[in-house]
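Below is one structure, written out as structure tokens, with a few remarks after it.
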Amino acid sequence: MVRAGLIGLGKMGISHCAILGAHPDVDLVAVCDTSSLLNDVFKRHTKFEFFTDYKKMIDTMKLDAIVIASPTKFHADMVSYSLQNNINVFCEKPFSLNAEDGKALAKQANDLKLVNQVGYHNRFIGTFNEAKRLLSANILGELYHFVGESYGPVVLKEKGGTWRSEKGQGGGCLYDYASHTIDLINFILGKTVKVRGTQLKSIFSVDVEDAVYSSVTLQSGLTGQLSVNWSDDTYRKMSTSVTVLGKKGKLIVDATELKVYLKEENKALGFEKGWSTKYITELTPLVNYNLRGEEYTSQIDHFIDCVKNKKSTNISSFASATDTDELITLLLKDNQ
């Protein structure tokens, strides 16, 4: 059994707590949060040791693995302290508000040969994985454009929002929303390395942006558009998609379906001429415990499997998350 601890019992932290608590290979022995209300509830109704000081929890509980779901500004210190104590780390996204911190943490984890993962759950969604497979198989031929988009209803009025809409806490739409889109582009198409014409627009927020628009370039030279807005109430919840155009057709993918248009039949990949659609239900492996979507359990399953089997590679490593943070740094500079 993997002895695990958890820091942070907000929305994602509570979800991780439930998933870890139900995992057959995990013994969740300790949780940490500064809330006195949660302290009382957990002490009354759970078997977990409850801490308000994460360092005390790490120092006393002899953990094999830890899940960090605190506000982003605390990530670097918490991750580093965990690694210093030889603990494998899963950290929620965005990884860091400073890309240089991310690089240092990735090196620290790799030098210590510890499993390191960041919670970019889109990498565990079947439609996005199928899109990556098809593009790697050159289904669209030579690519010439892409669009990565995310929209949702987070900040919808003046002075609205949560800690995520405070620059020193969560980093705004760029870090909290656009990071998902950038990471997905990196995962499906390749590393993003350049930006131009960036617009960070404040709609309702004062301290941070609510929308991000930019032209981006991949390491391969392929160019495309980034369009993200967390103040769009035409969406019930966050919706992320990637559209890719090539000389042989077009691909559109989101978390529910994958649509491919081909100018000619592709027998090798099993696609007819014209439009074809694959749905998430066809592409998602079953999980032992489904909460909010299979991908949230799948990413924890992957992390625990890496810890148990001492796997050095990871689908969503500190290094890949730092690639996303580096592009965010470029977007901030380009907007100035």
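The values are calculated or read from the model by the stated rules, or taken from the named source; none is laboratory data. Everything numeric here is computed off the predicted structure, so don't read it as measured data. Every residue, glycine among them, receives a Cβ derived from its backbone with ideal geometry; neighbour counts consider all protein chains shown. Areas reflect the complete protein model, heavy atoms only, side chains present, ligands, DNA and RNA absent. Shrake-Rupley method; radii C 1.70, N 1.55, O 1.52, S 1.80 Å.
Return the residue satisfying two criteria in turn: it lies in region 266-277 and is in contact with a strand residue (DSSP E or B) (Cβ under 7 Å, 6 or more places away or on another chain) and more than 16 Å from V244 (Cα to Cα), and of such residues it is least open to solvent (accessible area, probe 1.4 Å).
Going through the qualifying residues, I end up with F271.
Of the conditions (1) on the phi < 0 side of the Ramachandran plot; (2) open to solvent by less than 60 Å² (accessible area, probe 1.4 Å); (3) modelled with pLDDT under 95, G172 fails just one. Which one is it?
(1)
If a residue has to be more than 26 Å from M1 (Cβ to Cβ) and either open to solvent by 30 Å² or more (accessible area, probe 1.4 Å) or under 16 Å from the mean Cα position of the chain (by Cα) (or both) to count, how many in region 81-105 make the cut?
So the answer is 12.
Any residue in region 299-313 that is under 11 Å from K113 (Cα atoms) and open to solvent by less than 40 Å² (accessible area, probe 1.4 Å) sitting within a Cβ distance under 7 Å of a residue that is hydrophobic (A, V, I, L, M, F, W, C) and at pLDDT 95 or above? List the pairs, counting only those 6 or more apart or interchain.
Sorted first by the residue in region 299-313, then by its partner, the pairs are V307/V2; V307/A65; V307/V115.
Can you name the residue in region 142-160 that is in a loop (DSSP other than H, G, I, E, B) and open to solvent by 10 Å² or more (accessible area, probe 1.4 Å) and, of all such residues, is modelled with the highest pLDDT?
Residue satisfying both the conditions and the ranking: E142.
Consider L262 against the criteria (1) closer than 15 Å to V147 by Cα; (2) of a type in the set (A, V, I, L, M); (3) open to solvent by less than 40 Å² (accessible area, probe 1.4 Å): it satisfies all of them except one. Which criterion is unmet?
Every listed condition holds for L262 apart from (1).
If you scan region 10-34, which residues turn out to be over 21 Å from S298 (Cβ atoms), touching a Leu at 6+ places or on another chain (Cβ under 9 Å) and surrounded by fewer than 24 Cβ atoms within 10 Å (Cβ to Cβ)?
V29, A30, D33
Taking only region 11-59 into account, find how many residues are free of Cβ contacts under 8 Å to residues at least 60 places away in the same chain and in a loop (DSSP other than H, G, I, E, B).
Here the count works out to 8.
Here's the yes/no breakdown for (1) within 15 Å of K157 (Cβ to Cβ); (2) exposed (fewer than 15 other Cβ atoms within 10 Å of the Cβ):
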position: S205; (1), (2): yes, no
position: E209; (1), (2): no, no
position: S214; (1), (2): no, no
position: T217; (1), (2): no, yes
position: G221; (1), (2): no, yes
position: L226; (1), (2): no, no
position: W230; (1), (2): yes, no
position: V244; (1), (2): no, no
